[in-house]
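Notes for the one structure printed next.
The values are calculated or read from the model by the stated rules, or taken from the named source; none is laboratory data. Remember, it's a predicted structure, so these values are computed and weren't measured experimentally. Cβ placement follows ideal geometry from the backbone for every residue including glycine, while neighbour counts extend to all protein chains displayed.
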Amino acid sequence: MNDWFLYGVLALLPIAAYSGYRLGRKQRKEQKSSNGSLSSNYIKGLNYLLNEQADKAVDTFIDLLTVDTDTVETHLALGNLFRKRGEVDRAIRLHQNLIARPQLKTEDRNTALYQLGLDYNAVGMYDRAVSLFNELLSDPEHKSESLHQLLNIYQLTKDWDQAAKIAEQLQSSLGEEQSKPLAHFYCELADQKQIEGDIKAALANLKKALSINPDSVRASILQGDIYLQQSNFKQAIKAYQRILKQDIAFLPEALPKIAEAYNAQHDLKGYKQFLNESLQHDAGVSLLIELSKIIQKESGDKAAALLIGEYLQDKPSLKGLHRLISLHIEHAQESAKPSLQLLDGIVEKLLQRKPRYECQNCGFHTKAIYWQCPSCKEWSSVKPIKGIEGE
């Protein structure tokens, strides 16, 4: 007897027994002659289970469930069981049968509607699920959970405009903090508008994102990218520089674009000053490496190596070590070069294997940045790793 069958027996027997008891008691009061029919159907269902004919057993037990005040919860529990086991078609049939009963109380009907919405959502019938959850927004008992279900669906289907509206409703009517996801929804809309070539609308959405969440690093990066494409280098730099106050850990993400903006203006002095000021605020080893490249051109390998070495004494870093070894290889004695090259190769492989980002909510590791964690679906939780293996 497999696990599925055992689970089915354990789950359905109490439901069937209680339903049999309830129906039998009711029918005894109404018509004593019905006892034989109940007993026959109940035994038939048990026989199906014992013969591992779960489909027929389930149908039999569903037929035994008479919908009244005392058995609604039994229906709902059985439907929930079906959905969790992946038998969503049965859950849908059961919940639809429940809703169709005219004697059902309003609160019970709304609960069944919500469960049916979950069924539709589970099989990707999002239009039907959305319709049911929207219907339930007028019910105070189901408003909050229905809004959350709608928000999840709109995120899953990438309907960012509707997602933003629902998040705003959660924040305004229920007082739930939604500033972080809301800002990301407007960033997603900005991305879409930019792809469509509507730069004005893209910038308007980014402005909205920053008004909702002034600490939105993503909005600053996207804004800077648009200005950079428009050759508006001063505005691009201004947008990128906001990251210093928003979350300095993300500054290395924008570093290549920042360098491009300064170089386009032939402002090496300004770029060097920016790097120095950022490093004073612990911006990370990537900015130090970038500064070392400028020092190398201005004053040679030795000065660049000295800069890196002093930094590593206080803040050990594999990336910094990799840069330091590369600076020493060319000037090392011939007998020492093979060892340095071997060490350099080992460090490089370590860096290639190590993840660069970690979700602060669930611990998910990745080499690419995600604004929404692929594992726990939390927004703004994936951060650059700091320390010896990161920045």
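Condition check ((1) farther than 25 Å from His184 by Cα; (2) touching a Cys at 6+ places or on another chain (Cβ under 9 Å); (3) not β-branched (Val, Ile, Thr)) across all residues:
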site	(1), (2), (3)
Leu228	no, no, yes
Lys238	no, no, yes
Lys257	no, no, yes
Glu277	yes, no, yes
Ile289	yes, no, no
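When every residue of the stretch 175-192 is checked against the conditions, none turns out to be crowded, with 22+ Cβ neighbours inside 10 Å, among the polar types (S, T, N, Q) and assigned to a helix (DSSP H, G or I). Number of residues in the stretch 193-221 that are of a type in the set (D, E, K, R) and either surrounded by 22 or more Cβ atoms within 10 Å (Cβ to Cβ) or part of a helix (DSSP H, G or I) (or both): the value is 5.
With the requirement that a residue be at pLDDT 90 or above and of a type in the set (D, E, K, R), what does the stretch 290-314 give you? Selection gives Glu290, Lys293, Lys297, Glu298, Asp301, Lys302, Glu310. Of the candidates Leu324, Leu306, Leu342, the single residue that is exposed (fewer than 14 other Cβ atoms within 10 Å of the Cβ) and of a type in the set (A, V, I, L, M, F, W, C) is Leu342. Among residues of the stretch 63-80 that are part of a loop (DSSP other than H, G, I, E, B), those with a beta-carbon under 9 Å from a residue that is modelled with pLDDT of 60 or more and β-branched (Val, Ile, Thr) at least six positions away or on a different chain give the pairs Leu65/Thr71; Leu65/Thr74. Scanning the stretch 333-386 for residues that are touching a residue at least 40 places away in the same chain (Cβ under 8 Å) and among the small types (Gly, Ala, Ser) turns up just one, Ser380.
If Gln341 passes every condition in (1) out of contact with any Lys or Arg (no Cβ under 7 Å at 6 or more places or on another chain); (2) more than 24 Å from Ala259 (Cα to Cα); (3) part of a loop (DSSP other than H, G, I, E, B) but one, which one does it miss? In the conditions (1) out of contact with any Lys or Arg (no Cβ under 7 Å at 6 or more places or on another chain); (2) more than 24 Å from Ala259 (Cα to Cα); (3) part of a loop (DSSP other than H, G, I, E, B), Gln341 misses (3) alone. The test for being over 15 Å from the mean Cα position of the chain (by Cα), charged (D, E, K, R) and within 25 Å of Ile221 (Cα to Cα) does not hold for Glu145.
If you go through the stretch 344-362 and keep only what is in a loop (DSSP other than H, G, I, E, B) and either more than 13 Å from the chain's Cα centre (by Cα) or among the aliphatic types (A, V, I, L, M) (or both), you end up with Lys354, Pro355, Arg356. The set of residues in the stretch 248-266 being modelled with pLDDT of 95 or more and acidic (Asp, Glu) consists of Glu260 alone. Taking each residue of the stretch 187-208 that is closer than 14 Å to Tyr227 by Cα and touching a residue at least 24 places away in the same chain (Cβ under 8 Å) and looking for partners that are assigned to a helix (DSSP H, G or I) and β-branched (Val, Ile, Thr) with beta-carbon atoms closer than 8 Å, six or more apart or interchain, yields Gln194/Ile226; Ile199/Ile226; Ala202/Ile226.
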